[in-house]
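I'd like to ask you about the structure that follows.
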Amino acid sequence: MKSGAHAPATQPVVRVWSLGVRALHWSLAATVMAAWVTREGFGVWHERVGDVCLALVGVRLLMGFMSGTRARFSQFVRGPGITWAYARQAWARREPRYLGHNPLGAWMILALLFTAAMTGVTGWVYTTDRFWGDPLVEQLHEICATALVGLAAAHVLGVIATSIRHRENLARAMVTGDKRCASGDDIV
């Protein structure tokens, strides 16, 4: 650096996601990936990973309905009208920046949690005496698992697109919990 030059000032940040929410997010991502990797030939490992994933979904659902923090779904999940309006704005590349989850991201969270729960439940049901080897339950489990992987891929693409669009690294924000403070037309 030249003499007299100053390092760029850092932008002020605000904590958006708690350690608990971040730990659950990355733990769920890890268990979904581990379940996908162990789906063939790993038997008990696949079942154990699925059990952990299902337990994590349960904890996140409890946080979403019982917590008094921003982890509560009612704090960030918007209704269909607001979500549809946001989708139209995003399509036109005029969407506002949200300090937390944008409306589409919030609905993606619900879709991912629901699909992860359905995958876990159908996997567990498949291991019970009554449904062991049942082709319908097996097929339903595979459909749910494939949908979950597809939703996870769409989630990652949405994070990348939103990161580029709003010039902020959302993956890093989900690690640190911090985003730059709201300014202008940002929605808190």
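Here, each number is a calculation from the coordinates, and none is a lab measurement. Quantities reported herein were computed from a predicted structural model and do not represent experimental measurements. Glycine gets a Cβ as well: all are built from the backbone with ideal geometry, and neighbour counts include every protein chain shown.
Thr10 label point, 7 Å along Cα→Cβ, cut-off 20 Å on backbone N: hits in the stretch 154-188?
167-183
Between Ala153 and Arg72, what is 0.36 nm times their sequence separation minus the Cα-Cα distance? Round to one decimal in nm. Intermediate values should be presented prior to the final figure.
Details: separation 81, 0.36 × 81 = 29.16 nm, distance 2.44 nm.
Length gained between Ala153 and Arg72: 26.7 nm.
To continue, here is another question. Going toward the positive end of the dipole of the stretch 53-188, with +1 on Lys and Arg Cβ and -1 on Asp and Glu Cβ, which of Pro103, Val156, Thr127 do you reach last?
Positive-end residue among those listed: Pro103.
Within the chain, which is the longest segment containing none of the trypsin sites (Lys or Arg not before Pro) that sit in a DSSP loop and have at most 10 other Cβ atoms within 10 Å? Let's see the in-between values first.
Values: sites that count: Lys2, Arg93, Arg94, Arg130, Arg167.
Excluding the exposed sites themselves, the longest stretch runs over 3-92.
Determine the gain in length on full extension of the stretch Ile143-Ile164; use 0.36 nm per residue of separation and subtract their C-alpha separation, reporting nm with one decimal.
Details: separation 21, 0.36 × 21 = 7.56 nm, distance 3.16 nm.
Extra length from Ile143 to Ile164 when fully extended: 4.4 nm.
Which label belongs to the value computed from this structure, given these candidates for semi-axes √(5λ) of the Cα gyration tensor in Å: [x] 26, 20, 16; [y] 36, 19, 16; [z] 24, 19, 18?
Derived directly from the coordinates: [y].
Might you report the magnitude of the Cβ-based charge dipole of the chain about its Cα centre, with Lys and Arg at +1 and Asp and Glu at -1, to the nearest 20 debye?
Approximately 1080 debye in magnitude.
Name the helices (complete DSSP H segments) of the chain with a Cα length along the long axis of 15 Å or more and a Kyte-Doolittle mean of at least 1.0, or state none. Write out the running numbers ahead of the final one.
Numbers: long enough: 19-37 (27 Å, 1.24); 44-66 (33 Å, 1.12); 80-91 (16 Å, -0.33); 103-126 (34 Å, 1.41); 135-166 (46 Å, 1.04).
Sorted by number, the helices that extend far enough and score high enough are 19-37, 44-66, 103-126, 135-166.
So what is the calculated 222 nm ellipticity per residue for the chain, using -39500 (n - 2.57) for each DSSP H run with n of 4 or more, over all residues, to the nearest 500 deg cm²/dmol? Provide the component values of the computation, followed by the final result.
Working: 7 runs with 121 residues, N = 188.
Using -39500 (n - 2.57) per qualifying helix, the result is -21500 deg cm²/dmol.
Same structure, new question: What is the spin-label model distance, in nm, from Phe131 to Ala30 if the labels are put 7 Å beyond Cα along the C-beta direction?
According to this spin-label approximation, the distance is 2.8 nm.
Quick check: residue separation of Val175 and Phe114 times 0.36 nm, minus the Cα distance between them. What number comes out in nm? Numbers along the way, then the final one.
Numbers: separation 61, 0.36 × 61 = 21.96 nm, distance 2.31 nm.
Contour length minus the Cα-Cα distance gives 19.7 nm.
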